[in-house]
Each structure stands twice: as structure tokens, then as C-alpha cells.
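In what follows, a single structure is set out as C-alpha cells and then discussed.
Throughout, read-outs are computed from the coordinates displayed, never taken from laboratory work. Worth saying up front: this structure is predicted, and the values here are computed from it rather than measured. Cβ placement follows ideal geometry from the backbone for every residue including glycine, while neighbour counts extend to all protein chains displayed.
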Ligand SMILES: [Zn+2]
């Protein structure tokens, strides 16, 4: 399965991707994580990325593309992947088409009020970026990352006003990308989460069922 996953900030994309990763034995390729790793390692491409990030500049598409190409080449043949955080623009979607044929778009649909409720209880690991939720996805020890022992913090911009603004930006940016995938006849698996306390497993199983129907898993 070659998939891309879309969901508004706070829709639980990270949570669902990592559960799908375990459930389906696929790779999750999260662009944010790849960049974080690259900044730590000393490679030619890593140094290039670093030079932009250090200046606070956006990493140009050609470089992002190269990073992605390298990462995709590491996916064992026959193993599927879920791409998370890419493409972010129609231009990137066009470049992606040249690298790999995406077979399915997994789209998370979550009402704004649920996102707002969730994000205000979200905590993030300062060290590895793992996301927790003090209501639904608690770490084993309060304030400490299960994976790396890092400190958990709350983003200062996780307030309802800023979240609403971010959701608006997300919709404006994502709509044309989704339209592009539709135009290219890429099938969609749409996961609806309309209850605040809906367990992630329920949604993951729905996604898996739909993927099975498409013959992708
Ligand atoms: Zn951590």
C-alpha cells in the first residue's frame, strides 16, 4: 500500500499513522521526523537542509524532494508506506507523482470543536516530538515521554483562537491538493471521527476495512 494521509492539525494523524503502522506493518514516512533526524546526522543532504533551517528559511521543494526520494528508496520492496506531512502544495503533489504512484489517500475528517477540545489537552515531547493527550492518550508517567523520557510541554499556540486560524489555513492549503488527487482518480478512504471519546482503534479498524475493500492490504 502506497498511501498519503491528510488530516487537520489535531485530527490525530500521528496517532492513526502509528497505529496503522503496527496494524498493517507499513512504514510511516513523516516529513517532520525525517528533517529532525537529518539535522542530527552529518550528510551532504543533511548539511543542505540544515543551512536553510538554521536561517529560518523554508527548505526548497527540490531538496525536500531529494530527501523524500532517499527515504522512499529505503522502504523494503513489497512493504507499504504512509506518507505524512507531504505533499503540502500542489507543486509538491506534482513532484511526488514523478517519484511514486500513490494508491490511496487516507483522509481524516474531524469536526473543529473536537480538534479544539483535543488540542487544548495536547502535550508534546520536547526531545522526540511524540504527541500525547492528557485526557485520551496519557503518558505512563505524567509529564514524561514514554519513548525517550523527554519532557512533555504544551504548545503556547494551542489556544482556541489560534487553533481555528490554523484549521482555516489547513483547509485552504489542503483543498487544492486533495482536488489534484481526485482528478488523478486516486481512491480516498475517509475516516470520520465525530465523537470526542471515540477510541482510535475503532477508526483504525474502519480505515483497515476500507483499505481491504480496495484490495490494498
Ligand atoms: Zn520523547
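Annotations for the structure displayed:
- You will find that of 180, 155, the residue that is part of a helix (DSSP H, G or I) and either within 16 Å of the ligand (Cβ to nearest atom) or over 22 Å from residue 19 (Cβ atoms) (or both) is 180 and no other.
- Filtered residue count, region 133-152, keeping only those that are near the ligand (Cβ under 9 Å from one of its atoms) and either touching a residue at least 24 places away in the same chain (Cβ under 8 Å) or under 17 Å from the mean Cα position of the chain (by Cα) (or both): 3
- Screening residue 118 against (1) in contact with a strand residue (DSSP E or B) (Cβ under 8 Å, 6 or more places away or on another chain); (2) closer than 27 Å to residue 80 by Cβ; (3) more than 16 Å from the ligand (Cβ to nearest atom) leaves a single unmet condition, (2).
- Of everything listed in (1) in contact (Cβ under 8 Å) with a residue 40 or more places away in the chain; (2) within 30 Å of residue 70 (Cβ to Cβ); (3) away from the ligand (no atom under 16 Å from the Cβ), the single unmet condition for residue 160 is (2).
- Restricting attention to region 41-81 and to residues that are touching a helix residue (DSSP H, G or I) at 6+ places or on another chain (Cβ under 8 Å) and exposed (fewer than 13 other Cβ atoms within 10 Å of the Cβ), the residue that is farthest from residue 216 (Cα to Cα) turns out to be 58.
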